[in-house]
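A short reminder: the numbers here are calculations on the coordinates, not readings from a lab. As the structure is a computational prediction, the values presented were derived from the model and not from experiment. Counting neighbours? That spans all protein chains shown, and the Cβs are built from the backbone with ideal geometry, glycine included.
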Amino acid sequence: MLPHKTLPREFYARNPKTVAIELLGKILVRRLGNAHLKGIIVETEAYYGIDDPASRAREGMKRYNMPMWDTPGLAFIYNVHNNWMLNVVAHEPNSVGAVLIRALEPLSEIELMMANRRVNNIIKLTSGPGRLTRALKIDKELNCVDLTMSEGPLFIVDGEVAHEIGSSHRIGVRRDLNEELRFYIKGNPFVSVSERRIRPSNQP
DNA sequence: CGCCAGATTGACT
DNA sequence: GTCAATCTGGCGG
């Protein structure tokens, strides 16, 4: 089997919703020294620009959210309640957007991930946006890293997983759009919130 | 500088 | 189910 190829820039230069759906099954790779920590992306969320009340871009361009206006395929990383959120910049030309990586299925260097998280329950290892960044040692140092570069510390490569896709409203946001923008691989045990625990909508 | 909100998590009733 | 820890960025004084 040939080594997986990184996803090209054009992959990310599309509507965030499309990118969120197509990132499912792809493989996130974190290089730490000689080790490659890998996980299959099993859950994502799409965020738009100023028209999206749940988006970090809703208040217009600030220093911390500038990557959302930047080149598609860069990492956009910020902190929420002491947890780092890993996003991929994704939008059409002259637009704004990002995709949040919410859960991974651990693939390789699982021992290292467990050591980083100090848990021995593999289900809890990378099932959640804050959990996976801890397991893969991802923080603001990697903000704006180019995820199309296999020479870098963090990148995304093609996967070969056939899967069925589920969708729901986004998790944990205060003001959601009336649109399902969370996507996950159906039946995958590493998805952060089980299907039956999802309410039909976040709308008031 | 202090205050507050937030795309969370883990511990606990 | 409840609830607090803990950090960062934005904003007001």
Seminar exercise, completed: Given the candidates A:6, A:193, A:104, the one whose Cα lies deepest towards the positive end of the charge dipole of chain A, counting +1 at each Lys or Arg C-beta and -1 at each Asp or Glu C-beta, is A:193
For this session: Filter the GluC sites (Glu not before Pro) in region A:39-82 down to the DSSP loop ones having no more than 11 other Cβ atoms within 10 Å, then list what survives.
Result: A:59
Exercise. Simple spin-label model, 7 Å along Cα-to-Cβ: residue A:95 to residue A:50 in nm?
Worked result: 1.7
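Between residue A:80 and residue A:32, what length comes free when the chain is fully extended (0.36 nm per residue of separation minus the Cα-Cα distance, one decimal in nm)? Could the numbers behind the result be given before it?
Details: separation 48, 0.36 × 48 = 17.28 nm, distance 2.37 nm.
Using 0.36 nm per residue and subtracting the Cα-Cα distance, I get 14.9 nm.
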Exercise. Which trypsin sites (Lys or Arg not before Pro) from region A:66-153 combine a DSSP loop assignment with at most 13 other Cβ atoms within 10 Å?
Worked result: A:118
Exercise. In whole Hz, what ³J(HN,Hα) sequence does region A:160-168 give by Karplus (6.51, -1.76, 1.60; θ = phi - 60°), x for Gly and Pro?
Worked result: 10, 8, 7, 7, 9, 9, x, 9, 7
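Taking the Cα centre as origin and putting +1 on Lys and Arg beta-carbons and -1 on Asp and Glu beta-carbons, what dipole magnitude results for chain A, to the nearest 20 debye? Please report the intermediate quantities before stating the final value.
Numbers: 28 positive and 23 negative charges, 155 e Å.
For this selection, approximately 740 debye.
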Exercise. What does the helix-only formula give at 222 nm for chain A: each DSSP H stretch with n ≥ 4 adding -39500 (n - 2.57), the total divided by the residues, and the result rounded to the nearest 500 deg cm²/dmol?
Worked result: -3000 deg cm²/dmol
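Show me the three semi-axes of the equivalent ellipsoid for chain A, from the C-alpha gyration tensor (sqrt of 5 times each eigenvalue), largest first, rounded to whole Å. Mind dumping the intermediate values first?
Values: eigenvalues 112, 81, 54 Å².
So the equivalent ellipsoid measures 24, 20, 16 Å along its semi-axes.
Tell me, in nm to one decimal, what length is gained between residue A:108 and residue A:163 on full extension, where the rule is 0.36 nm per residue of separation less the Cα-Cα distance? Display every interim value, and only then the final one.
Values: separation 55, 0.36 × 55 = 19.80 nm, distance 2.01 nm.
Stretched fully, the residue A:108-residue A:163 segment lengthens by 17.8 nm.
What is the gain in length, in nm to one decimal, between residue A:120 and residue A:63 on full extension, counting 0.36 nm per residue of separation less the C-alpha to C-alpha distance? Intermediate values should be presented prior to the final figure.
Values: separation 57, 0.36 × 57 = 20.52 nm, distance 3.76 nm.
The span from residue A:120 to residue A:63 would gain 16.8 nm if fully extended.
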